[in-house]
Amino acid sequence: MEPENNDNCRRPRWVAKINDWDKWPHKHEHRHRKKSDFGGAIVINLIVLYLINKIPGWNLCFITDGFQALLWIINLNLVIKIAGNIILLIHDQRVVYRFIQLVFHVAEFVTLLSVYYIYPFQFSVCYHHWVDVLIKLGLIISLIITGISVIGLFFKLIFGNNK
């Protein structure tokens, strides 16, 4: 096999292509696309933060007193996401992006774990009891997926191409 360039002279061509798979697209295209994504995420998280804090006043039949106990951790998760997206809006480097994504996923894992243990819902009052079972099952699946993604993001941050 022919080497692709001097940097990859000892590796086969397919290895060089695998290493190039994770590179950012064209710098200007990436910056315009991602900056709008980060700005949109900031706006959406601010809206969700406002709405989440209004829920206790709505007197919904399926929200228990446990929701008040979870409100601070949900707010903290949203503030972390807003602050992280502001950082990504200002500082556009791959290693920063990967670190912020790792922080997002860890915060999401802790929030999901707290929601699972406290479980501030009681859908059996308004609906059927199987809704509670489905939501708890969804939380368990979300915890597993988020835990796997935390591990993957950690290894990608440590061992990935961060240039």
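Throughout, read-outs are computed from the coordinates displayed, never taken from laboratory work. Because the structure is a prediction, the values reported are computed rather than measured. Heads up, the Cβs are rebuilt from the backbone with ideal geometry, glycines too, and the neighbour counts pull from every protein chain shown.
Data overview
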| read-out | value |
| --- | --- |
| Dipole-positive endmost among Gly147, Leu51, Leu89 within segment 31-163 (Cβ charges, Cα centre) | Leu89 |
| Nearest-20 debye value, segment 31-163 charge dipole, Cβ charges on Lys, Arg, Asp, Glu | 700 |
| Dimensions in Å of segment 62-126 - Rg and Dmax from alpha carbons | 15.1, 49 |
| Cα Rg, Dmax (largest Cα-Cα span) when computed across segment 21-163, Å | 17.9, 54 |
| Sorted by Cβ density within 10 Å, fewest first, the residues Thr111, Thr64 | Thr64, Thr111 |
| Gap separating the Cα centres of segment 99-163 and segment 48-71, nearest whole Å | 19 |
